[in-house]
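The values are calculated or read from the model by the stated rules, or taken from the named source; none is laboratory data. If you're wondering where the values come from, they're calculated on a predicted model, not measured in any experiment. FYI the Cβ positions are ideal-geometry reconstructions off the backbone, even for glycines, and counts take in every protein chain you see.
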Amino acid sequence: MELLHFAHRGEAQSFIKALNLKSLDDTGNFYGGNQHYLLISGEGHTDTLIKLSYYIAKYCPKIIVNLGIAGSVNEQVKPGEIYPIRTAYFFMDGEPVFQSFTTSNESSMDCITSHNRILDDKLAIKLGNFAQIVDRELWAVGKVSQNLKIPFYSYKLISDYAGHNTQCFDLKARALEFSQRLLEYYLEQTFFKNNLIETTDLTLPFHASFTQKKKIEKLTHKINDLDLINNILESGEIKNANHFISELEDIINPINKHLRKHIERLIHPLESIGAQILIDKNLDQKKIKLQMEINSQTNIDNLKKQLDHFKFSDFENLWNGEIDV
Amino acid sequence: MFNTVFIENNVQNNPHTSAILGKIKFKESKLIENYSDVWGRVKKPYLQKRDTLNLFIAEKKGDLVKLAPDAYGLGKENHYYYVHAYNCIYECQYCYLQGYFNTPDLVLFVNHDEIINEMEILISKDENTDAWFHAGEYSDSLALSHITGELGLYFELFKKYPKNKLELRTKSVNIKPLLALKPSENIYISFTLSSFEGAKAFDYKCPTITHRLNAIKQLVNHGYNIGIHLDPIIYHEGFENEYSELLSRLGEILGDEKLGYISIGVVRFTKDVHKEVLNNYPDSPMHRQDFIKSFDGKIRYNRTMRMWIMNTVKKLCLNQGFSEKKIYLCMEE
């Protein structure tokens, strides 16, 4: 379901009627239908932050679409036009706020949300250094969307040039006209989703722990070739989750196989007598840790024998990239 | 080419400013007090450089010339870099600039006389009689040089101090300004090169390797010393053959006598840059790489892998006839 967000009822009126939306609660500001929710948050970023967060948490829409009127702070952005917005910035207490949020729109128009209405030309010029369009809510929509990991879109109808000529009363009188134009524009849009392999697309013929499943998910996303991965699973050669993870890692980095064999050759003689060899898995540290339980003289004799044959320079060579490929 | 040009009030009348404005196309210009009042104040997404790139013309303040990190260049001399610009017009998927600055907008600093003055002060110190000075740390040093027009000033400085060296790092083929100047033994033009296939995959908006090789050939014929940066190398099956081909083509146009140095480095990112790369290029083959978080917090291959890749390419350089003493591993511990 899409959640359509508006600041003012005037902007939303055509949508409520055309999409046949019904009020879903006592506030009179939240509506729903077969495919849409609609929220009228009121003007300003604070109300938007609070109300949008609440309704997203309660109704879990997949996409947020912000629509409404906005002011131009750039001569080339003319009143009467509708623009998809790319990035939302924020201006408060006389300064721009660092954090920004980018919509899923294809566009080159940016919008700066202002804490206050822009009734001063000097301020409009300052805002125009960062974006072409100014509004009162979009940045808050972006903040909520990012926090809750939902894609968001925005479309702004330019009502006037922001500054001392802004006529709020005139804008209210033209609300129906603006709403209708936004509706027509909105109905022409389509919204897209990513197509990544989900682990649920894979049937694992063996048990995998939570950590292993996460690792498999990460590796399958990297490879992103479902046919290849399913072929490996269906080959019948995969013994368990760790084996599957190794196979996936080898696809991503074929050198891994050679590196693993080299390490196994190096440590096998010591492991065969019961010693445990620990090597930094990132190979950043030039050191080996050796642990062994000693419960008889035989253990000591075996260890001495193997250590006589073990050359640290073999490990150093590995550390310096000398592997057979 | 540029959306908005922001000009600092105090460089309005700088001759470099008017020269730049006379050579570029832009939609509008604005006067501001200080470039940092606007540039980098908000997080502007990196990829917006494709269609709304702004330019700032400003005066560089603070440290104009800085000491370079260890393993920056060949040899035991001191290495410094000077800052003539921020950001780059090219777009390479692995570029660290996308996570280093908060915006892709370009800044061109026009107070070259002050930068040069600071370089002279450093050169006058005993420990810097043979120091290197590098351009291209935060920007390509040649790509816009036909617009900025400052190269001649730096060439004059290094004529005065023949023991010191100047390196101009680039991926550009904009060599006309260089061909109009007289080369000097202590000036090196260094080109960053990937394999032909690597450049197609990752150097999104850059001159092709073929064009860069042609530029190198012209500069060699004109008498310039050349440096080569084989950095970053990104592993994939067949990379050895690809670098062998690259070095073979390079060997045809650049002999060991005109080669200053070859640096070899593998791809690496800070955490911030890596996050930006994932975000900006979600379909990049780079995301299929087997990276780890390394000893210095950087995202890179494991040590064995890094050394193997670099040693493999080093062997290819030696096979091509380049001297071992001219080859160094870049930014390795």
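Here is how the numbers come out for the structure above:
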{"read-out": "Members of the range A:51-74 that are touching a residue at least 60 places away in the same chain (Cβ under 8 Å) and closer than 30 Å to residue B:29 by Cα", "value": "A:68, A:69, A:70, A:71, A:72, A:73"}
{"read-out": "Subset tally (residues that are of a type in the set (D, E, K, R) and within 8 Å of chain A (Cβ to nearest Cβ)) for the range B:285-302", "value": "3"}
{"read-out": "From B:5, B:83, B:11, residue being within 14 Å of chain A (Cβ to nearest Cβ), crowded, with 17+ Cβ neighbours inside 10 Å, on the phi < 0 side of the Ramachandran plot and not acidic (Asp, Glu)", "value": "B:5"}
{"read-out": "Scan of the range B:320-332 for residues that are touching a residue at least 40 places away in the same chain (Cβ under 8 Å) and of a type outside the set (Gly, Ala, Ser), ordered by number", "value": "B:320, B:322, B:326, B:327, B:328, B:329, B:330, B:331, B:332"}
{"read-out": "Any chance residue B:305 is in contact (Cβ under 8 Å) with a residue 12 or more places away in the chain, more than 29 Å from residue A:220 (Cβ to Cβ), facing chain A (nearest Cβ under 9 Å) and surrounded by 19 or more Cβ atoms within 10 Å (Cβ to Cβ)", "value": "no"}
{"read-out": "Residues (surrounded by fewer than 12 Cβ atoms within 10 Å (Cβ to Cβ) and more than 12 Å from chain B (Cβ to nearest Cβ)) located in the range A:269-286", "value": "A:272, A:278"}
{"read-out": "Tally, over the range B:267-295, of residues that are modelled with pLDDT of 85 or more and not in a helix (DSSP H, G or I)", "value": "14"}
{"read-out": "Test: residue in the range B:58-74 that is within 23 Å of residue A:73 (Cβ to Cβ) and touching a strand residue (DSSP E or B) at 6+ places or on another chain (Cβ under 9 Å)", "value": "yes"}
{"read-out": "Residue that is on the phi < 0 side of the Ramachandran plot and either out of contact with any Leu (no Cβ under 8 Å at 6 or more places or on another chain) or hydrophobic (A, V, I, L, M, F, W, C) (or both), where the choices are B:162, B:104", "value": "B:162"}
{"read-out": "Condition check for residue A:133: in contact with a Phe, Trp or Tyr (Cβ under 8 Å, 6 or more places away or on another chain), within 14 Å of chain B (Cβ to nearest Cβ), closer than 22 Å to residue B:4 by Cα and not basic (Lys, Arg)", "value": "yes"}
{"read-out": "Top-ranked residue of the range A:91-109 - restricted to ones that are more than 8 Å from every other protein chain (Cβ to nearest Cβ) and under 21 Å from residue A:153 (Cα atoms), ranked as farthest from the chain's Cα centre (by Cα)", "value": "A:91"}
{"read-out": "Condition met for residue B:42 (within 14 Å of chain A (Cβ to nearest Cβ), modelled with pLDDT of 95 or more and either closer than 16 Å to residue B:112 by Cβ or out of contact with any Pro (no Cβ under 8 Å at 6 or more places or on another chain) (or both))", "value": "no"}
{"read-out": "For residue B:50: the one exception among (1) loosely packed, with under 14 Cβ neighbours inside 10 Å; (2) farther than 21 Å from residue B:275 by Cβ; (3) among the basic types (Lys, Arg)", "value": "(2)"}
{"read-out": "Count - residues of the range B:228-248 that are touching a residue at least 40 places away in the same chain (Cβ under 8 Å) and either outside any loop (DSSP other than H, G, I, E, B) or within 16 Å of the chain's Cα centre (by Cα) (or both)", "value": "14"}
{"read-out": "Test: residue A:263 is in contact (Cβ under 8 Å) with a residue 40 or more places away in the chain and hydrophobic (A, V, I, L, M, F, W, C)", "value": "yes"}
{"read-out": "Answer from A:133, A:82 - the residue that is out of contact with any Gly (no Cβ under 8 Å at 6 or more places or on another chain) and at negative phi", "value": "A:82"}
{"read-out": "Failed item in (1) closer than 30 Å to residue B:298 by Cβ; (2) touching a helix residue (DSSP H, G or I) at 6+ places or on another chain (Cβ under 6 Å); (3) at pLDDT 95 or above, with residue B:128 passing the rest", "value": "(3)"}
{"read-out": "Residue A:207, sole failed condition from (1) in contact (Cβ under 8 Å) with a residue 24 or more places away in the chain; (2) under 26 Å from the mean Cα position of the chain (by Cα)", "value": "(2)"}
